[in-house]
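The values are calculated or read from the model by the stated rules, or taken from the named source; none is laboratory data. Since this is a predicted model, take the numbers as computed values, not measurements. Positions of Cβ are generated from backbone atoms using ideal geometry, with glycine treated the same way; all protein chains shown enter the neighbour counts.
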Amino acid sequence: MYLARNLPHLLTNEEVDRVGVEWRVYEMADIPEEWIKRSSSSLNDIVEYVPIDEYWHHVFSTYTPNGTPQYVALTKLVKCLLSLSHGNSDVERGFSQNNNLVSDERSSLNEVTINGLRATCDGVKFFGGGKVHMVPITATLISNVKDAHSRYVKANEEQNKILNSVRCGDEKRACDAGHLDEEEIELLNKQKILQQDLVSAMKMLEEGSTRLATAVNSKDFNDVGTAELLVTAANAKLSVLKAQLLDNSENLNRLRKKKKK
């Protein structure tokens, strides 16, 4: 959505709104595996992915139940973005800068420190034309330098809290998993994901219904089409999710009955 709003002269305000709706529909869509990966009979563990333009061609070839294209504004946005240069030069330039910054004596630096060094170099280039003595010394800069150590200590404390929390959570999950077999855990995880998707689909349906009612009352026929897209996609997804939840619950019940015998 950031790109849709900030690329100049590309999309109108109505199209930006439509892109947001179509992207949500795209997130809810079930993408076939063959659109992403190619089937291979090779015994090697090498995954061959479908080219990005071919993948988007499959996506944009989908239609609504009414026979209209599923993605209109999103197609326009993606095609314009794919026409831009997206080579590896920026990445390779970043590797070169890292090699200059991280010498043999500094090989133990972590990612955060390297990013800090990169940010400092970029700041010197931007504010001082690559010359340190030309960087303006402002009150804000002096204040940031004074507070740098305290922010570093605080960040370390927060990171340690997160690590401890994750460790405790992993230990609890490992303890709980000891009472469940692998198949039951898999079914429970699947049920949780399906329930989350169900909530998202219901929210989409509610939003689409509200937008549809508002568009009809205001006779905004462009927004009627956008709202119908939300409602249609949400209803289709809800139907699939309810069937999957029912099937998953039945499998879970059968497994538990089998364990009791």
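Return the residues of region 214-242 that are of a type outside the set (S, T, N, Q) and either exposed (fewer than 11 other Cβ atoms within 10 Å of the Cβ) or assigned by TED's automatic domain parsing to the domain that holds residue 73 (or both); say none if nothing qualifies.
Correct list: 219, 221.
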Does residue 184 satisfy the criteria of being surrounded by 14 or more Cβ atoms within 10 Å (Cβ to Cβ) and not β-branched (Val, Ile, Thr)? yes
Positions within region 146-170 being modelled with pLDDT under 85, closer than 23 Å to residue 106 by Cβ and of a type in the set (A, V, I, L, M, F, W, C), in sequence order: 148, 155
Could you tell me whether residue 128 is surrounded by 10 or more Cβ atoms within 10 Å (Cβ to Cβ) and out of contact with any Ser or Thr (no Cβ under 6 Å at 6 or more places or on another chain)? yes
Taking region 56-82 as the search range and keeping residues that are more than 22 Å from the chain's Cα centre (by Cα) and at pLDDT below 90, which one is nearest to residue 9 (Cα to Cα)? 69
Please give the number of the condition residue 136 fails out of (1) modelled with pLDDT of 85 or more; (2) in a helix (DSSP H, G or I). (2)
Quick one: residue 53 ticks every box in (1) loosely packed, with under 11 Cβ neighbours inside 10 Å; (2) more than 24 Å from the chain's Cα centre (by Cα); (3) in the same structural domain as residue 38 (by TED's automatic domain parsing); (4) within 30 Å of residue 5 (Cβ to Cβ) except a single one, so which number is it? (2)
Which of the residues that make up region 178-208 are among the acidic types (Asp, Glu) and more than 17 Å from residue 21 (Cα to Cα)? 181, 182, 183, 184, 186
